[in-house]
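Below is one structure, written out as structure tokens; comments come after it.
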2 protein chains.
Amino acid sequence: MSHFETLKGLMADVQALDSAIALLDWDQQTYMPRGGAEARANHLEALSKMRHELFTSEAVQNAIANARPESEDEQALIRVIRRDLDLATKLPTELVARKTKLSAVAHEEWVRARSANDFASFSPTLEKMFDICKEEAECLGYTDHIYDALTDQYEEGATAADWRAMFEAIKGPQVELVKAIQERGPVDDSCLYGEWDRAKQSAFTEKLVTAIGFDFNRGRQDTAPHPFCTGWSVGDIRLTTRYKPYIGSAIFGSLHEAGHGMYEQGSPAAWDLTSLAGGVSLGLHESQSRTWENIVGRSKAFWSYFLPDLQKSFPELGQLTLDEFYKLINKVEPSLIRVEADELTYNLHVMVRFEIECDVLSEKLAVKDMPEAWNAKYEQYLGIRPGTDSEGCLQDVHWSMGSIGYFPTYSMGNILSYQIWNALSRDVKDPFDKIANGDFAPILGWLQENMYSKGKKYTPKELVQRMTGESINPKYYLEGLEAKYREIYF
Amino acid sequence: MSHFETLKGLMADVQALDSAIALLDWDQQTYMPRGGAEARANHLEALSKMRHELFTSEAVQNAIANARPESEDEQALIRVIRRDLDLATKLPTELVARKTKLSAVAHEEWVRARSANDFASFSPTLEKMFDICKEEAECLGYTDHIYDALTDQYEEGATAADWRAMFEAIKGPQVELVKAIQERGPVDDSCLYGEWDRAKQSAFTEKLVTAIGFDFNRGRQDTAPHPFCTGWSVGDIRLTTRYKPYIGSAIFGSLHEAGHGMYEQGSPAAWDLTSLAGGVSLGLHESQSRTWENIVGRSKAFWSYFLPDLQKSFPELGQLTLDEFYKLINKVEPSLIRVEADELTYNLHVMVRFEIECDVLSEKLAVKDMPEAWNAKYEQYLGIRPGTDSEGCLQDVHWSMGSIGYFPTYSMGNILSYQIWNALSRDVKDPFDKIANGDFAPILGWLQENMYSKGKKYTPKELVQRMTGESINPKYYLEGLEAKYREIYF
């Protein structure tokens, strides 16, 4: 057997363990009874350890060192596995264990601190977490900024300089646009809040995501506290959504997750169950989901097609005109909580987190002074100031888990979503006319051809270049938002 | 670390893999989209191989050879692991692989043959399967009958002689009782067939199984084509049920599976996630499930309490009196299909299979002549003759999978269910009065104390002795059926 074949065999075992871990996780978030939590944690820990040991074993390292790829695809496959293996081996087991242990403690402390609005008690542990992340960064290595090592784990090739340039480009125009909209006075979307029947919401969202192209023969949709998408093969990709008083929660949550789902369902069958299958990075995964959710799903064309259906399922909404509904689902209002933010203000939330992460890592800001820095930035960018740390710097789970360098991928997704749409619009004629007719095939087809079918073959930066003809460029995002919201609000 | 501690650590990893395999299997039967089947088969195969390699590794074998148990429980734990390890190591990997491969082929051929009513085309493959099982038996070893080696895999310590004695004891009286009932003329239970609302069936069965003691904080109930029970810890035990035109399918299926579920939920917390937790054998698992399903769930007392509820959920049944309903759910009628058989005729179906398995293994019967032998036995014991092999010797999946020696555990369960009830009735005063008041706690309490809390600590035969004061004795079963059905029919 060639080293390449040996590698494939070993990776199939790694993949089987990944598949088990993914199912234990999916089940935990969807169906597992409360009493199962303790055993589930034990089993996940044991399987993750087995996975790590197998993946970083001498056998895998030998096979990859000696594998001779015979095609471009095989080359790409080796590149992807080698990158994952690098990330998995550069961190000493002792450090990984220490971080896992601290995460467990920090997560509990964070839950308590958030509910008690008590940053001071959490601050020493958070400081330790930042210190461990700095150690991680030193092990992973970087040439320019310490942030680069951390963020590369989530977005291959991305650097602090990339993110800074990205945020610098959008900061001024976004803050200004949000301010201008604020001056137009509040929008009352209270009619979108109510006690909506769950079964009807489920049926309606399944209809929507089927229409845009998610294949239920190769997937399903369930309910979970925090929507996510996960999968086991191109034949089994699962979405989750949630039902809240705001009717848009399920609708836009489902459309967003269906974007992730279609990306995963769109991997070439030949790459199924290999490391080449699936979306290439967090930022790119997010980008096309935002395209579906915001550019397609929050468009007037989309609702000119679906509003009658929605009103049939929920007669309480029957009095709304298309223009009214369109304005309501595109309501812009600076708010304190990121996960509830609208399309326009979302990136400002992320920017606050990015700037704080950089400042803490480069020791310009002490962890204990984070609340003041956070609140000042919210005032500066969003014009509002958290009354408590619970609705301020304690709101997100990420830092307690040591996921530092993760947040900017959300903004990258938002920005690229418009860049993708711009590229798509050069090839697909009048896409909004097609949407208004319920014809999503040309849009899905373009994404399939230019993005989904590429799996992880190219690096994220290469893929952006191939797909859109240039590297990430905030211009389309700024122009898109400007055009959309000026039309709605002015 | 002591060898005993090492063993526990290794077994925790084996257990994590078992847990993953169980979840992949549960998911496949409940929620997995069609497209996931191929990848799921790959992942299950890889994980099962890992599980086998880990469990039979030198590390486990060394640890168990040198482990020094320090208590009765530790002794029992080692005994159970050693037995499993014996079964896992006595069969050469080559033989296991050959059987797995033949099973896959045989299963497909069986599906085709059953649907085409074509035993002849399946016969050569089935002959190969019996041959492989004979090889297995030689590897496993036996002193008396070749059947002993095979059946011991499913029911520790059971032998062909045990089963023969069991069937000999019941054959005459059962055949006679069924004949006598037949002569009373047919019972029309067509009013129990209809298009019953699934959500209402689900709610009603959940109410029933909650009432008898299944704990939904530590479990759930889902839908699957063939009802089963599975679990991950005492905190997470899951039932499945199914919804059919016959309203009893869901009701008695749920009660039966809840029996299995309560047995698993009742293991001592201290043994959770070890090989001592859970039911001790197939036959004993089945026995107490039959107690709940047939003796409790098909009693007049049970429905004197629950019939009003049932009629509230399904007003179509509103005209039935308690006596009428009781007779309908205890309808006896010889039929061709085992899985649809009533309580009274069920064991006659199993007897046919046991006798044929013995005859084929001891080469008194050629596989190709199986249909004639089958049909003659149905005529002799049940008074009816299959018109086709599809409703004859092709009806069950077991033989295509090489599960030879499995069937008698069903009958053992039926017979013990009455023996258990007899023992329970010595301690629990007037159990049917309690049932009629919806008070199931004394019954569950007795089973918990005398059976569930023992886990796998004793061998099945020891447990029967401890629980009932004697070894398996068909007397209680025969007397119980006689009393019940004479009361209904004469």
Give the residues of segment B:409-433 that are more than 15 Å from B:ASN473 (Cβ to Cβ) and touching a Ser or Thr at 6+ places or on another chain (Cβ under 7 Å), sorted by residue number. B:PRO431, B:PHE432
Report yes if some residue within segment B:385-396 is surrounded by 18 or more Cβ atoms within 10 Å (Cβ to Cβ), in contact (Cβ under 8 Å) with a residue 12 or more places away in the chain and part of a helix (DSSP H, G or I); otherwise report no. no
Picking from B:GLY455, B:GLY438, the residue that is touching a residue at least 24 places away in the same chain (Cβ under 8 Å), within 23 Å of B:ILE237 (Cβ to Cβ) and touching a Leu at 6+ places or on another chain (Cβ under 6 Å) would be B:GLY455
For A:PHE167, only one of the following conditions fails: (1) assigned to a helix (DSSP H, G or I); (2) within 14 Å of chain B (Cβ to nearest Cβ). What is its number? (2)
Could we say that A:GLY194 is more than 30 Å from A:LYS364 (Cα to Cα), in the same structural domain as A:LEU320 (by TED's automatic domain parsing), touching a Pro at 6+ places or on another chain (Cβ under 8 Å) and modelled with pLDDT of 95 or more here? yes
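Restricting to segment A:371-384, what's the tally of residues that are farther than 21 Å from A:VAL332 by Cβ, in contact (Cβ under 8 Å) with a residue 12 or more places away in the chain and of a type in the set (A, V, I, L, M)?
Of all residues in segment A:371-384, those farther than 21 Å from A:VAL332 by Cβ come to A:371-376.
Adding the requirement that they be in contact (Cβ under 8 Å) with a residue 12 or more places away in the chain leaves A:371, A:373-375.
Add one more test, that the residue is of a type in the set (A, V, I, L, M), and what stays is A:373.
Qualifying residue count for the region: 1.
For segment B:236-277, enumerate the residues that are β-branched (Val, Ile, Thr), part of a helix (DSSP H, G or I) and touching a Ser or Thr at 6+ places or on another chain (Cβ under 9 Å).
Here is the first cut: in segment B:236-277, the residues β-branched (Val, Ile, Thr) are B:237, B:240-241, B:247, B:251, B:274.
Now narrow it down to the ones that are part of a helix (DSSP H, G or I): B:247, B:251.
Correct list: B:ILE251 only.
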Matching residues in segment A:368-384 - criterion: being crowded, with 19+ Cβ neighbours inside 10 Å and of a type in the set (A, V, I, L, M): A:MET370, A:LEU382
Here's a check for you: in segment A:49-60, which residue that is within 18 Å of B:PHE55 (Cα to Cα) and either in contact with a Cys (Cβ under 8 Å, 6 or more places away or on another chain) or surrounded by fewer than 19 Cβ atoms within 10 Å (Cβ to Cβ) (or both) is farthest from the other protein chains (Cβ to nearest Cβ)? A:GLU53
Are any residues in segment B:441-490 more than 17 Å from B:ILE181 (Cα to Cα) and among the acidic types (Asp, Glu), and if so, which ones? B:GLU449, B:GLU462, B:GLU470
List every residue pair whose Cβ atoms lie under 6 Å apart, where the two residues are 6 or more positions apart in sequence or sit on different chains, the first residue falls within segment B:19-30 and is more than 8 Å from chain A (Cβ to nearest Cβ), and the second residue, located anywhere, is among the acidic types (Asp, Glu). B:THR30/B:ASP222
Looking only at segment A:18-40, filter to residues that are over 24 Å from the mean Cα position of the chain (by Cα) and part of a helix (DSSP H, G or I); which one of those is surrounded by the most Cβ atoms within 10 Å (Cβ to Cβ)? A:GLY36
Scan segment A:6-17 and give yes if some residue there is within 24 Å of the chain's Cα centre (by Cα), surrounded by fewer than 21 Cβ atoms within 10 Å (Cβ to Cβ) and not aliphatic (A, V, I, L, M), otherwise no. no
Taking the stated definitions as given, is B:GLY278 on the phi > 0 side of the Ramachandran plot and in the same structural domain as B:GLU168 (by TED's automatic domain parsing)? yes
Please enumerate the residues belonging to segment B:317-341 that are in a helix (DSSP H, G or I) and either buried (at least 16 other Cβ atoms within 10 Å of the Cβ) or out of contact with any helix residue (DSSP H, G or I) (no Cβ under 8 Å at 6 or more places or on another chain) (or both). B:LEU317, B:GLU324, B:PHE325, B:TYR326, B:LYS327, B:LEU328, B:ILE329, B:ARG338, B:VAL339, B:GLU340
If we keep just the residues of segment B:224-241 that are at pLDDT 95 or above and of a type outside the set (A, V, I, L, M, F, W, C), which is nearest to the chain's Cα centre (by Cα)? B:THR230
Of the candidates A:LEU10, A:LEU44, A:LEU91, the one satisfying the condition of being within 10 Å of chain B (Cβ to nearest Cβ) and either more than 30 Å from B:ASP25 (Cβ to Cβ) or out of contact with any strand residue (DSSP E or B) (no Cβ under 9 Å at 6 or more places or on another chain) (or both) is A:LEU44
All but one of (1) surrounded by 16 or more Cβ atoms within 10 Å (Cβ to Cβ); (2) aliphatic (A, V, I, L, M); (3) outside any loop (DSSP other than H, G, I, E, B); (4) modelled with pLDDT of 95 or more hold for A:ALA106; state the number of the condition that does not hold. (4)
In segment A:208-223, which residues are within 13 Å of another protein chain (Cβ to nearest Cβ) and either among the basic types (Lys, Arg) or under 20 Å from the mean Cα position of the chain (by Cα) (or both)? A:PHE214, A:ARG218, A:GLY219, A:ARG220, A:GLN221, A:ASP222, A:THR223
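The values are calculated or read from the model by the stated rules, or taken from the named source; none is laboratory data. This structure is a prediction, so every number in the text was calculated from the model and none was measured. Cβ coordinates were reconstructed from backbone atoms using ideal geometry, including for glycine residues, and neighbour counts include every protein chain displayed.
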